1. Mind listing whichever residues of the range 122-154 are out of contact with any Asp or Glu (no Cβ under 7 Å at 6 or more places or on another chain), assigned to a strand (DSSP E or B) and among the β-branched types (Val, Ile, Thr)?
2. Which of (1) part of a strand (DSSP E or B); (2) out of contact with any Pro (no Cβ under 8 Å at 6 or more places or on another chain) does Ser119 not meet, given it meets every other one?
3. For the structure I just gave you, tell me whether Val99 is surrounded by 15 or more Cβ atoms within 10 Å (Cβ to Cβ), assigned to a strand (DSSP E or B), modelled with pLDDT of 95 or more and of a type outside the set (D, E, K, R).
4. Would you mind stating whether Ala88 is among the small types (Gly, Ala, Ser) and either free of Cβ contacts under 8 Å to residues at least 24 places away in the same chain or assigned to a strand (DSSP E or B) (or both)?
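The values are calculated or read from the model by the stated rules, or taken from the named source; none is laboratory data. Note that the structure is predicted; figures quoted are calculated from it, not measured. Because the Cβ atoms are built from the backbone with ideal geometry, glycine has one as well, and the counts that use them run over all protein chains shown.
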Amino acid sequence: MSFKFHRILPFALILAACGAEPRYLIDPPVQSGTSRLQVSTLEVMDVSLPAYAEASEILLEGEDGALTQVDNALWADDSRRAVTLAIAEQIGRASSAAVAPEPWPLEEDAQAQVHVSVSRMVARANGTLSLDGQFAVSSYDRVVRERIQRFAITVPMASADPAGIAQATGAAIAELSSQITASLSR
């Protein structure tokens with residue numbers, strides 16, 4: 001029995017050490033107002049992120065341009081899931097439409113879909129966070145005009161620590177959500 005204990009102990013110690021890193025939420029500020037959209041239902045497709053932005057580690061760009069992990073800091077949720085949910089929630093709160101992430105939960109299909117492709121989501125050495133890419137609006141029944149729109153969002157970071165990076169990430173996602181909402185407004 002002691003043989004099994006000695007084999008299990010190193011794994012238990014490794015697992016215990018893994019749980020000690022603080023985790024940070026991508027939590028955009030609450031949007032206010034109610035925009036009337038051209039659609040009553042909108043599906044937000046899974047956001048496409050670069051591989052480094054999908055990682056669980058919180059990264060910061062150095063002076064040399066290298067992205068390095070901020071010590072002992074992880075995202076609290078899968079980045080793709082967190083960004084997708086945040087966009088859906090922000091548009092839903094700021095508009096008259098019923099908005100949900102994929103898979104669409106209702107029996108009748110959504111009138112339109114938003115596809116977001118992020119090409120850059122970086123906490124920069126200069127104290128800003130950059131969120132660049134494009135979003136596409138598609139509508140099977142042509143309820144709205146289909147289009148592709150580019151975005152380049154830069155927000156200041158209050159600090160280069162994990163909390164500052166998380167706060168700036170949330171603010172950038174809120175700005176992106178506002179741009180998508182504005183593009184669908186009547």
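1. Hits for the range 122-154 are Thr128, Ile148, Thr154.
2. For Ser119, the exception is condition (2).
3. yes
4. Values: among the small types (Gly, Ala, Ser): yes; either free of Cβ contacts under 8 Å to residues at least 24 places away in the same chain or assigned to a strand (DSSP E or B) (or both): no.
Against the criterion (among the small types (Gly, Ala, Ser) and either free of Cβ contacts under 8 Å to residues at least 24 places away in the same chain or assigned to a strand (DSSP E or B) (or both)), Ala88 does not qualify.
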